[in-house]
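The block underneath contains the structure these notes are about, expressed in structure tokens.
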Amino acid sequence: MPQNTHHIMMIRPVRFSFNEQTAQSNSFQKASAKVDDTQQKALQEFDHFVDVLRANGVQVWVVDDTEDPHTPDSIFPNNWISMHDDSRIALYPMQAENRRLERRADIAHHLAEVFSMHDIVDYTAAENEGQFLEGTGSMVLDRDKKICYACLSPRTHPAMLERFCADFGYKLISFTAIDKQGKLIYHTNVVMCVGKQFMVVCFDCIPNETERRLIRNSSTKTIIEISFEQLEHFAGNMLEVVNEKGDNLLVMSEQAYKSLTVSQVAQLVFFAKIVIAPLYTIESNGGGSARCMMAEIFLPLKK
């Protein structure tokens with residue numbers, strides 16, 4: 001199974017704003033003073049990000065958000081949908097009620113016009129049981145090694161992880177990750193990134209030595225460690241993609257890139273060209289960064 005794809009789906013924001021419903025479990029969120037200004041700046045950041053990706057040969061499928069219902073976090077579609085190379089898509093149970101409104105059947109129908117889509121694995125009924133799994137935010141997938149890494153949190157339930165791994169054939173490695181205040185980190189994709197030949201991991205936020213050792217020993221890929229401070233600047237929220245020429249690209253925000261050391265950058269560019277974009281407004285208000293904005297499309301193209 002390929003680890004990376006050059007097909008990405010992104011949702012263009014219409015009413016992006018600080019989401020009160022998610023802030024309790026996401027310590028990365030910080031509200032801007034002017035709501036109107038927040039949407040305008042986020043839109044500018046989004047459009048520039050898309051331009052940067054396309055200029056680097058990434059196929060970006062942009063879908064416009066809708067005015068109604070109000071979905072302040074729709075800019076992060078990887079939490080509610082994942083699209084796999086066996087022509088299946090998965091729909092995920094979301095903790096915040098207003099995030100559940102992001103799931104749109106018309107998006108799946110639109111993708112089905114171009115890509116082969118044979119089955120929908122729908123986990124959303126688990127919301128009624130208070131069991132959540134927020135897609136590739138909750139899970140970081142090593143697709144070629146079939147390993148699912150996940151830090152447990154209010155948004156990532158162990159029973160749902162087991163269901164996903166059974167359905168899609170992954171081995172589960174779960175662990176506990178905490179921030180400097182001792183609070184559970186809400187999503188795994190701010191803690192780590194898995195590329196084709198490397199892993200970026202913040203071991204400082206994983207207090208259990210056995211769990212740290214389990215992650216280290218789980219793969220032969222080169223491990224590049226980041227610090228707590230770098231994690232707080234979204235250095236773990238990266239995604240490796242490929243462009244139309246087959247070149248590996250490591251996509252991250254400008255804030256994340258500036259937090260890296262010269263040595264870390266040298267390690268990363270050995271594996272991929274680094275692609276960056278400024279996402280400060282989106283990161284501050286949404287509590288997510290570059291990786292959260294990109295839903296990978298692994299569905300086969302129709303012949």
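Listing for the model above:
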read-out	value
Verdict on residue 119 being at pLDDT 95 or above, within 26 Å of residue 3 (Cβ to Cβ), charged (D, E, K, R) and surrounded by fewer than 18 Cβ atoms within 10 Å (Cβ to Cβ)	no
Subset of region 267-283 (residues that are open to solvent by 20 Å² or more (accessible area, probe 1.4 Å) and either part of a loop (DSSP other than H, G, I, E, B) or touching a Gly at 6+ places or on another chain (Cβ under 7 Å) (or both))	271, 278
Filter result for residue 71 (at pLDDT below 95, out of contact with any Lys or Arg (no Cβ under 6 Å at 6 or more places or on another chain), more than 16 Å from residue 163 (Cα to Cα) and in a loop (DSSP other than H, G, I, E, B))	yes
Test: residue in region 10-20 that is at pLDDT 85 or above, open to solvent by 20 Å² or more (accessible area, probe 1.4 Å) and part of a helix (DSSP H, G or I)	no
First in region 107-132 and in a strand (DSSP E or B), second anywhere and surrounded by 17 or more Cβ atoms within 10 Å (Cβ to Cβ), Cβ under 7 Å, 6 or more apart	115/297; 115/299; 119/88; 120/89; 120/91; 121/88; 121/90; 122/91
Tally of residues being under 24 Å from residue 243 (Cα atoms), of a type outside the set (S, T, N, Q), touching a residue at least 60 places away in the same chain (Cβ under 8 Å) and surrounded by fewer than 17 Cβ atoms within 10 Å (Cβ to Cβ) across region 62-105	1
Test result for residue 214, among the aliphatic types (A, V, I, L, M) and surrounded by fewer than 19 Cβ atoms within 10 Å (Cβ to Cβ)	yes
Inter-residue pairs, beta-carbon under 8 Å, first farther than 15 Å from residue 195 by Cα and modelled with pLDDT of 95 or more and in region 285-298, second outside any loop (DSSP other than H, G, I, E, B) and of a type in the set (D, E, K, R), 6+ apart	289/283
Some residue of region 234-244 being in contact with a Leu (Cβ under 8 Å, 6 or more places away or on another chain), surrounded by fewer than 21 Cβ atoms within 10 Å (Cβ to Cβ) and more than 21 Å from residue 139 (Cβ to Cβ)	yes
Options 159, 177: the member that is open to solvent by less than 10 Å² (accessible area, probe 1.4 Å), among the small types (Gly, Ala, Ser), in contact (Cβ under 8 Å) with a residue 24 or more places away in the chain and out of contact with any Lys or Arg (no Cβ under 6 Å at 6 or more places or on another chain)	177
Test: residue in region 177-197 that is in a strand (DSSP E or B), over 20 Å from residue 264 (Cβ atoms) and of a type in the set (A, V, I, L, M, F, W, C)	yes
Of all residues making up region 284-299, the number that are in a helix (DSSP H, G or I), among the small types (Gly, Ala, Ser) and touching a Leu at 6+ places or on another chain (Cβ under 8 Å)	0
Qualifying residue in region 222-231 (condition: of a type in the set (Phe, Trp, Tyr) and on the phi > 0 side of the Ramachandran plot)	no
Index of the failed condition, residue 251 passing every other in (1) closer than 14 Å to residue 192 by Cβ; (2) open to solvent by less than 20 Å² (accessible area, probe 1.4 Å)	(1)
Residue 256 being part of a loop (DSSP other than H, G, I, E, B) and under 16 Å from residue 288 (Cβ atoms)	no
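The values are calculated or read from the model by the stated rules, or taken from the named source; none is laboratory data. Nothing here was measured: the structure is a model prediction, and the numbers come from that model. Counting neighbours? That spans all protein chains shown, and the Cβs are built from the backbone with ideal geometry, glycine included. The area values use the complete protein model at the heavy-atom level, side chains included, leaving out ligands, DNA and RNA. Shrake-Rupley method; radii C 1.70, N 1.55, O 1.52, S 1.80 Å.
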